[in-house]
Each structure stands twice: as structure tokens, then as C-alpha cells.
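Novice: First, the structure itself, so that you have it in front of you.
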2 protein chains.
Amino acid sequence: MENKEISQAVIGRLPRYFRYLGELKDEGIERISSQELSDIMHVTASQIRQDFNNFGGFGQQGYGYKVEYLYEEIGKILGLDKTHNLIIIGAGNLGQALANYMNFERRGFIFKGIFDNNPALFGRKIRDMEVKSMEEMEDFVRDNEIDIAVLTIPKTSAVMVAEKLVQNGIKGIWNFAHVDLNVPKEIQVENVHLSDSLMKLTYNILRFENENNN
Amino acid sequence: MENKEISQAVIGRLPRYFRYLGELKDEGIERISSQELSDIMHVTASQIRQDFNNFGGFGQQGYGYKVEYLYEEIGKILGLDKTHNLIIIGAGNLGQALANYMNFERRGFIFKGIFDNNPALFGRKIRDMEVKSMEEMEDFVRDNEIDIAVLTIPKTSAVMVAEKLVQNGIKGIWNFAHVDLNVPKEIQVENVHLSDSLMKLTYNILRFENENNN
């Protein structure tokens, strides 16, 4: 399949399709119509057809989509048929949570190491991996062809660590530090600003209350 | 200030303004022009003025914005001048990370309790709070007027737990479970689907490589 120019809005919806299709697959469901998918995902069937048309359609009219085929094709588009060497910087609660939380291997992510600057953590095992010193990070990234670094360190050190990662050939940063990183445009950054997300929640709670008191 | 109808896109940008203004305030900066803010935030000055015009402008022409005033006004819009009683469901690594991670109190979030169904965790202290049994959750939510529940439990139990929370008067759910919750529309839900975010990262890495190989 060719990799055409697709809007980030469509891309943003692909992981959700992938998640639902994975569940359908696990339940042993072989085919699904855009209408059925629409019902479980609370997205219009027309939106689903439009999104899938970006990638050639995936389905036959009146016949529905093959769940496993669609799951695999969307997985390929998302790069999940490739493997990605990944390290975690910061072995605190969040770093440990991420190491243990995700179905890393199932999705092609190979957890290669976890780093921290707290000597008390050196050698502690997290998911069968000993915590390494930050001083080892640069050589490690180069020697192990690390693609993705997950940053779960305070914002004060995140900017400098990101620079070092970039210098040593990282391709993408999954950034949990409360700071926007300035990296060259060839480095992909996906930010998870947790406090921003919590504030959106409080805004929406407040707005709902105001609307219903006025 | 009146609470006009503001687009979710503008709302989505407010926490980021709030974060930058908080940093400027901490650095002792009293005034900033839209152009200076534009330079540090990598957003156009015109975008900033448009966003702020939704809330009456905040600034005087040619004079810049008062940092502390703007910070406080945006905080009010986000509901951060109010207090929110918050509990965490799931005392695993992620629940512990969130309990320890956020500047909860500084932003008006009052951490009231943490719950798990693993007896091995009962009584363990997380941020000076003993882990409670899930069986205590419903009474606790009612008796302590809990506004927000943070879900860091597996998707298999998240849907049922969300229902119980709703029945007992929760206003908002910050959902880290890998499942979309079906709750009444008066309950606000903010999803953090971590694996979706990681997949967007791999997509963008792959897209960049394809663009530069073709």
C-alpha cells in the first residue's frame, strides 16, 4: 500500500480503529459492516468510510470489512509491523508504569533499557531490565540503535536529555515531561501533557455546571 | 467574566497558555506582548490574540498582557480557582505515579483517596493515604463528595467501575483504561489512551522515513 499524504486528523483516529478491531479480532469476529463498527465506536458510518477511503477503502460494498485484514493493514500504516527499539528515561513511578503497562512486544516495541540519575535505583530490576545510569545513555542509544525514547523525567532536565538523544540518532521522543521540546523537525515528538488533559476535564465539568445553572 | 460558548480547539490550547504563563510568573516576568509569547510558544501572535479575544482580550493594545492577571484569569476559566475532590482507582504503578506526579494541591485538586482490589496493597501508604478496598469506593464517593475519579484499572473492570462512580455522583472521569466509557452526557470524560499516542508517534516516524526515501 502506498503511503499517501493523510491528514493528522485521520491519523489521530487510526489507533482507535486499531484498538476496536483488535478487540473484535480477539472476540473471533471475522466481518463487520461500517454500520456495525459505527454503532460500537459512536462515529458515523460515513466518517468510517471516508477515513478508510484514504487508504484505498479496505472493504467491499455491502459485504463489510474483513476484521483481521483491516486490523493488519491499519497496523502496517501505523508502523506496527516494524520493530522499534525503545528506552525509558526516568525510572520513577511513571517510567515503571509505562515499562509494565503497555503490550510493548505485541506491538513491535522492544524494551531495551531504562535509565535514571538516582544511584539508589541503579541495578534495580524493572521488567527484567536493570536500571542504568544516565551516563551510559548516549553510548547505549548509539550502540543499540534505539529508535524511540520515552521521557518521564522532570522538565528541568528533559530539554538537555532530548538534545543528547537527538545527537545520538533517536528518531522519536514520547515526551511526558511538562515542557515542549525544541528538536529538529526530523525528530518526531508525541507529547503527553497529563496536567493539560486534567485541566480540560475541569473546564468541561465547570462548563457543564454553568450551562445547567443558567 | 461570562462563560461564553468557546470551541473545544480553543479550550484545548488554554492549558498550554496556562503552563507557559505559570513559568513566566515563576521567573518574575510581569508583562509580555503577544509577539514575545508567540516566540516562546511557537504559535502565531495572531492566533494568541484571537484565542484571548474569546475571553474579552485580557490585554491593552501596545502594552502587552499582565502575566499574573492573565495566568489567574485563564486558571479561572479552567476551573482551577475551585477545589475538586479527587480519588484514584487503581494503586498500581500508574495510579501511584499520578498520585505523586501532579501538583495536585497547587491546582485545586484535593487527593482524597486511592482504591484497589488487590488485598496485598490495602493499607499501603501512597502520598500519606492508605490504599482502600474497592468495596469501600461507592460509600466513599458519596460521603466525601468526590468530583473526579482517575481510572488506572484494566479495561475489563473500567466500564463497571465507571457505572458505579456515576451512580454515586461523580462529575468527571480521567480515564487511563484502554476502553471508551459509555457514561451519561452530564458526566465529563477525558481519555488518556497512552497506546494511541505511542502509535501516532510510530506512524509519524514511518511517514518521515518514507518521505525521505522517496
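Novice: Which whole-number value in Å³ per residue fits the convex hull of the alpha carbons of the protein assembly as shown?
Specialist: Residue-normalised Cα hull volume stands at 166 Å³.
Novice: Going through the stretch A:150-214, which GluC sites (Glu not before Pro) have at most 14 other Cβ atoms within 10 Å and a DSSP loop state?
Specialist: Listed in order of number, the matching sites are A:Glu186.
Novice: When the helix-only estimate is applied to chain B (DSSP H runs of n ≥ 4, each -39,500 (n - 2.57), divided by the residue count), what is the mean residue ellipticity at 222 nm, nearest 500 deg cm²/dmol?
Specialist: -14000 deg cm²/dmol
Novice: Let me ask you something else. Taking the dipole about the Cα centre of the protein assembly as shown, with the C-beta of Lys and Arg at +1 and of Asp and Glu at -1, give me whichever of A:Leu181, B:Ile32, B:Phe111 is farthest to the positive side.
Specialist: In the protein assembly as shown, that residue is B:Ile32.
Novice: For B:Met134, what charge total do you get from the other residues with a beta carbon under 12 Å from its beta carbon, if Lys and Arg give +1 and Asp and Glu give -1?
Specialist: With Lys, Arg at +1 and Asp, Glu at -1, the net is -3.
Novice: Counting only other residues whose beta carbon sits under 14 Å from that of A:Arg16, what net charge do I get with K and R as +1, D and E as -1?
Specialist: In short, 0.
Novice: Further question: Expressed as an acute angle from 0 to 90° and rounded to the nearest 10, what is the orientation of the C-alpha long axis of helix A:194-213 relative to the principal long axis of chain A?
Specialist: Result, in degrees: 50.
Novice: Now for a different question. If we restrict to alpha carbons, what Rg and Dmax does the stretch B:10-122 come to, in Å?
Specialist: 17.9, 62
Novice: Another question, if that's okay. Out of B:Ile110, B:Ile29, B:Ile153, any idea which swings most in a Gaussian network model of chain B, alpha carbons joined below 10 Å?
Specialist: Top of the fluctuation ranking is B:Ile29.
Novice: A further question follows. If the only charges are +1 at each Lys and Arg Cβ and -1 at each Asp and Glu Cβ, what is the size of the charge dipole of chain A around the Cα centre, to the nearest 20 debye?
Specialist: 160 debye
Novice: Let me ask something else. Quick one: which residues, 5 or more positions from A:Val150 or on another chain, have an amide H under 5 Å from its amide H? H modelled 1.01 Å from N in the peptide plane, none for Pro or chain starts.
Specialist: Close amide H contacts, sequence-distant or interchain: A:Ile87, A:Ile88, A:Ile89, A:Trp174.
Novice: Hey, which lysines would be in cross-link range of A:Lys66, C-alpha to C-alpha under 19 Å, not counting anything within fewer than 8 residues on its own chain?
Specialist: Cross-link targets: A:Lys25, A:Lys76.
Novice: Could you work out how far apart the two model spin labels at A:Ser197 and B:Ser197 are, taking each label as a point 7 Å from the Cα in the direction of the beta carbon, and quote it in nm?
Specialist: My value for the distance between the label points is 0.5 nm.
Novice: Run through every distinct alpha carbon pair of the stretch A:46-184 and return the Kirkwood hydrodynamic radius in angstroms, one decimal place.
Specialist: Kirkwood hydrodynamic radius for the stretch A:46-184: 16.8 Å.
Novice: Can you count the Lys pairs in the stretch B:79-214 whose Cα atoms are under 24 Å apart, with each pair 8 or more apart or on different chains?
Specialist: Step by step, the pairs that qualify in the stretch B:79-214 add up to 17.
Novice: Among A:Asn168, A:Asn191, A:Asn204, which one moves the most in a GNM of chain A with springs linking Cα atoms closer than 10 Å?
Specialist: Top of the fluctuation ranking is A:Asn204.
Novice: Along Cα→Cβ at 7 Å, what distances in nm separate the B:Asn212 label point from those on the other copies, shortest first?
Specialist: The answer, with the shortest distance listed first, is 5.0 nm.
Novice: Continuing with the same structure: What's the angle, to the nearest 10 degrees (0 to 90), between helix A:67-77's Cα axis and the longest principal axis of chain A?
Specialist: That works out to roughly 40 degrees.
Novice: What is the Cα centroid distance between the stretch B:96-168 and the stretch A:68-95, reported in whole angstrom?
Specialist: First find each Cα centre; the distance between them is then 29 Å.
Novice: Give the percent of DSSP beta bridges with both residues in the stretch B:81-214 that are antiparallel, rounded to the nearest 5.
Specialist: 10 percent
Novice: Still on this structure, please answer the following. Seen from all sides and averaged, what is the projected area of the convex hull of the Cα atoms in the stretch A:76-129, in nm²?
Specialist: Projected area, direction-averaged: 3.7 nm².
Novice: Any chance you could look up the accessible area of A:Ser38 with a 1.4 Å probe, heavy atoms only, rounded to 10 Å²?
Specialist: Roll a 1.4 Å probe over it and A:Ser38 shows about 10 Å².
Novice: Angle, helix A:8-26 long axis vs. longest principal axis of chain A, Cα atoms, 0 to 90°, nearest 10?
Specialist: Computed tilt is about 80 degrees.
Novice: May I pose another question? Under 5 Å between amide hydrogens, which residues at least 5 positions from A:Asn191 or on another chain qualify, with H placed 1.01 Å from N in the peptide plane?
Specialist: Residues meeting the criterion, in which the H sits 1.01 Å from N, are A:Asn175.
The values are calculated or read from the model by the stated rules, or taken from the named source; none is laboratory data. Treat the numbers as computed from the prediction; the structure is a model and nothing was measured. Note that each Cβ is placed from the backbone with ideal geometry, even for glycine, and that neighbours are counted across all protein chains shown. What goes into the accessible areas is simple: the full protein's heavy atoms, side chains included, and nothing from ligands, DNA or RNA. Shrake-Rupley method; radii C 1.70, N 1.55, O 1.52, S 1.80 Å.
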